[in-house]
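Below is one structure, written out as structure tokens, with a few remarks after it.
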Amino acid sequence: MKDVVQQGEIGGTIMKRQYYVGLSLTVTFLIIIIDQLTKYIIATSMKIGDSVEVLPGFLNITSHRNDGAAWGILSGKMGFFYVVTVIILVVLIVFYIREAKHNLFMQLALSLLFAGALGNFIDRVLHGEVVDFIDTYILGYDFPIFNVADSSLTIGVILIIIALLTDINKE
């Protein structure tokens, strides 16, 4: 994929860029680098269960491992996660190509989803588990510990919902 048409005037018609591949790849790689770097720092500097209070009553950095999906669902089913993640990554690429043309917002949302899925996939392949460390307490609730890839996935989903709702309202 490459930037097919630059924004500009061609034959009296203003053309919008179809794909913002450079920006999408930059976002994807930055998220993966930040995700892997933070996980490496946690895994090499803290023992599992160690916790450091950052914002009292709200945020701790806690070294945790997860060999399942969100909240430990399907713990130990690595083969399942390998297959499902590869399918999801392919579907995201196809959706990017077919449905996100001319839509920078949707392309960025899909890039966040791709980066998050790939970040946790890298952990599963290399270590058989995912390193989690962001430990929050929201309104007194001890939210499950997560990581940068999980945050990227969550923000990507929210942005896709916004994009789809905005698109529905235009019709």
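Observations on the structure shown:
- Hey, Ile88 under 25 Å from Asp167 (Cα atoms), open to solvent by 70 Å² or more (accessible area, probe 1.4 Å) and either among the hydroxyl-bearing types (Ser, Thr, Tyr) or at pLDDT below 95 (or both) or not: no
- Residue within segment 45-63 that is open to solvent by less than 80 Å² (accessible area, probe 1.4 Å) and at pLDDT below 95 present: yes
- A single member of Ser151, Ser111 is within 18 Å of Val27 (Cβ to Cβ) and surrounded by 20 or more Cβ atoms within 10 Å (Cβ to Cβ), and it is Ser111.
- When segment 75-85 is filtered for residues that are among the polar types (S, T, N, Q) and open to solvent by less than 50 Å² (accessible area, probe 1.4 Å), only Thr85 remains.
Every residue, every condition in (1) open to solvent by 80 Å² or more (accessible area, probe 1.4 Å); (2) more than 30 Å from Ser51 (Cα to Cα); (3) modelled with pLDDT of 95 or more; (4) of a type outside the set (Ser, Thr, Tyr), yes or no:
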site	(1), (2), (3), (4)
Ile93	no, yes, yes, yes
Asn103	no, yes, no, yes
Ile134	no, no, yes, yes
Leu139	yes, no, no, yes
Gly156	no, no, yes, yes
Leu159	no, yes, yes, yes
Ala163	no, yes, no, yes
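- Within segment 65-74, considering residues that are open to solvent by 70 Å² or more (accessible area, probe 1.4 Å) and not in a helix (DSSP H, G or I), the one farthest from Ile158 (Cα to Cα): Leu74
The values are calculated or read from the model by the stated rules, or taken from the named source; none is laboratory data. Predicted, not measured: the structure shown is a model, and the values here were computed from it. Backbone-built Cβ (ideal geometry, glycine too); neighbour counts: all protein chains shown. Please note that ligands, DNA and RNA were not included when accessible areas were found on the heavy atoms of the full protein model with its side chains. Shrake-Rupley method; radii C 1.70, N 1.55, O 1.52, S 1.80 Å.
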